[in-house]
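Everything on this sheet refers to the single structure shown next.
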Amino acid sequence: MKRNKVMGKAFFNWEIISGLNLKTEFSTAWNSYRREIYRPSTLPTSANDRIVTNHHKSSQTISKASLTRRFSFVRTARF
């Protein structure tokens, strides 16, 4: 059996003006799986092949961005 998995993530955060933030994020994952099985000729098999191989590859990529604004409600009281 052999399995490889690589994952990575990067982000960027920038305050454009006071209270206004832009955040971008990028992540990726790559997966590879390989399995080889040797079947001796003494075992009954349905096919003539004596080595069975399974190989699977997959990847996933996610990207997102968000823009946030920070503000506060201030109530002033005058007497």
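General observations
- Residue within segment 34-56 that is at pLDDT 90 or above and either surrounded by 10 or more Cβ atoms within 10 Å (Cβ to Cβ) or not in a strand (DSSP E or B) (or both) present: no
- The set of residues from segment 1-28 being hydrophobic (A, V, I, L, M, F, W, C) and either within 17 Å of Arg70 (Cα to Cα) or in a strand (DSSP E or B) (or both) comprises Val6, Met7, Ala10, Phe11, Phe12, Trp14, Ile16, Ile17, Leu20, Leu22, Phe26.
- Arg3 meets the stated requirement of being at pLDDT below 90 and either of a type in the set (Phe, Trp, Tyr) or under 23 Å from the mean Cα position of the chain (by Cα) (or both).
The values are calculated or read from the model by the stated rules, or taken from the named source; none is laboratory data. Predicted model, so just to flag it, every value in this text is computed and none were measured. So basically every Cβ, Gly included, is an ideal-geometry build from the backbone, and we count neighbours across all protein chains shown.
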